[in-house]
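J.: Take a look at this one; I'll ask things after.
The values are calculated or read from the model by the stated rules, or taken from the named source; none is laboratory data. Note that the structure is predicted; figures quoted are calculated from it, not measured. Counting neighbours? That spans all protein chains shown, and the Cβs are built from the backbone with ideal geometry, glycine included.
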């Protein structure tokens, strides 16, 4: 059996704009671009890789190859037999401006500060289903979510930017709060927090 070929996962070409009052238009445009990226770039690349792996007789379970061929993923079979499937829902990660900029530059959740991550041992990013433009929401409500998860140092000054990310099947959920380890990750949009 041959070794697995390297999968060079396409990177979503995030575009940062000076959106002014057009936050919703920008976000919807980014969501549309991401959907096209999944269909026109990521899934064809995954299928091409699966065909190459099959042609080379690589040592990977057929079920894993079928899954990778059928579902858009954040990772690939060379990283293990558990694939992280991208789902259709988006989530929101609130953070300081400097951390948001670093996440964008690296296309990763790794730059999120430890104090804004929950859990013992491996710290996990906190994502919620509350968009940054919901007027009924507040920075205090977002801080309260962080604090319920043990992120006691988070305060309203930390809630400046919001990363829009896809939900995946490997996120742990508790109601409308999701957690995931800090890894390279598709960032769909970066928007200012509009509530106070």
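J.: Hey, among the residues in segment 57-74 that are assigned to a loop (DSSP other than H, G, I, E, B) and either over 17 Å from the mean Cα position of the chain (by Cα) or free of Cβ contacts under 8 Å to residues at least 12 places away in the same chain (or both), which one's surrounded by the most Cβ atoms within 10 Å (Cβ to Cβ)?
T.: Once the filter is applied, the top-ranked residue is 60.
J.: Follow-up. Scanning for something in contact with a strand residue (DSSP E or B) (Cβ under 8 Å, 6 or more places away or on another chain), assigned to a helix (DSSP H, G or I) and modelled with pLDDT of 90 or more, does segment 17-29 turn up at least one residue?
T.: no
J.: Filter segment 89-100 for residues that are surrounded by fewer than 17 Cβ atoms within 10 Å (Cβ to Cβ) and touching a residue at least 40 places away in the same chain (Cβ under 8 Å); which is nearest to residue 178 (Cα to Cα)?
T.: Taking the candidates together, the pick is 89.
J.: Turning to a different aspect of this structure: Criterion first (surrounded by 15 or more Cβ atoms within 10 Å (Cβ to Cβ), within 30 Å of residue 195 (Cβ to Cβ), at pLDDT 95 or above and within 19 Å of the chain's Cα centre (by Cα)) does residue 34 satisfy it?
T.: It is true that residue 34 is surrounded by 15 or more Cβ atoms within 10 Å (Cβ to Cβ), within 30 Å of residue 195 (Cβ to Cβ), at pLDDT 95 or above and within 19 Å of the chain's Cα centre (by Cα).
J.: Taking residue 77, is it surrounded by 14 or more Cβ atoms within 10 Å (Cβ to Cβ) and either modelled with pLDDT of 95 or more or under 14 Å from the mean Cα position of the chain (by Cα) (or both)?
T.: When the stated conditions are applied, residue 77 does not pass them.
J.: Here's another thing I want to ask about it. Would you check which residues across segment 156-176 are touching a helix residue (DSSP H, G or I) at 6+ places or on another chain (Cβ under 6 Å) and either free of Cβ contacts under 8 Å to residues at least 60 places away in the same chain or not in a strand (DSSP E or B) (or both) and list them?
T.: Once the filter is applied, which keeps residues that are touching a helix residue (DSSP H, G or I) at 6+ places or on another chain (Cβ under 6 Å) and either free of Cβ contacts under 8 Å to residues at least 60 places away in the same chain or not in a strand (DSSP E or B) (or both), segment 156-176 yields 156, 159, 160.
J.: Here is a follow-up. Could you run through segment 169-189 and say how many residues are surrounded by 14 or more Cβ atoms within 10 Å (Cβ to Cβ), more than 15 Å from residue 84 (Cα to Cα) and over 9 Å from the mean Cα position of the chain (by Cα)?
T.: Adding up the residues that qualify gives 2.
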